[in-house]
Amino acid sequence: MNIIIINGPNLNLLGKREPEVYGNTSFEDYFQLLQNQFSDVSFEYFQSNVEGEIINKLHEVGFSIDGIIMNAGAYTHTSIGIADAVAGITSPVIEVHISNVYAREEYRHQSLMAKNCVGVIAGFGLKSYQLAVDYFTSKKS
Ligand code: DQA
């Protein structure tokens, strides 16, 4: 099974950025754990702070890959372009968030892409990604 994790803006700063909200672990360290945990999954990881690069990546993988796990960061709440890309591809997308966006500022309560995703996982820290992988892997078997 092939799964890509796509992280949007500022998620390259995980481990350094607002640790009280996002924790102390870098995504690279967490990604290593995830790969060890799901050793029969073939993972790709992509991070960009640039909206168009995220859209290009969705177009590139979105008609062939088994699953997309995407934390679009702030673009979740603002980007019609990314939401349109999610609507336009055929691979299933799970929207994830590290923090519980519904317990935070009101502008984080809206997701433009959620309606075209399989579902949304938010508020479980980095474990949100693992829960998404669990869904894809259990669905397959
Ligand atoms: C986030 C929540 C977003 O509101 C925020 O802009 C982020 C991270 C999360 O994972 O909790 O950058 O997507």
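The values are calculated or read from the model by the stated rules, or taken from the named source; none is laboratory data. Small disclaimer: the values here were computed from a predicted structure and weren't measured. Backbone-built Cβ (ideal geometry, glycine too); neighbour counts: all protein chains shown. The accessibility values were calculated without ligands, DNA or RNA, using every heavy atom of the protein model including side chains. Shrake-Rupley method; radii C 1.70, N 1.55, O 1.52, S 1.80 Å.
I'd like to check one number: the per residue accessible area of segment 12-141, probe 1.4 Å, reported in Å² as a whole number.
51 Å²
Please work out how much length the chain gains when fully extended from E60 to N2, using 0.36 nm per residue of separation minus the C-alpha to C-alpha distance, in nm with one decimal.
19.5 nm
If you place +1 on the Cβ of every Lys and Arg, -1 on the Cβ of every Asp and Glu, and leave all else neutral, what size is the dipole of segment 2-139 about its Cα centre, to the nearest 20 Debye?
Taking the Cα centre of segment 2-139 as origin, the dipole is about 220 debye.
With a 1.4 Å probe and all protein chains in place, put D84, D40, D66 in order of accessible area, largest first.
The residues order as D40, D84, D66, largest area first.
First compute the accessible area of the chain with a 1.4 Å probe, then give the percent of it belonging to carbon and sulfur atoms. If you can, show how the numbers build up before the last one.
Values: 3380 of 6910 Å².
Using a 1.4 Å probe with all protein chains present, the chain comes out at 49 percent carbon and sulfur.
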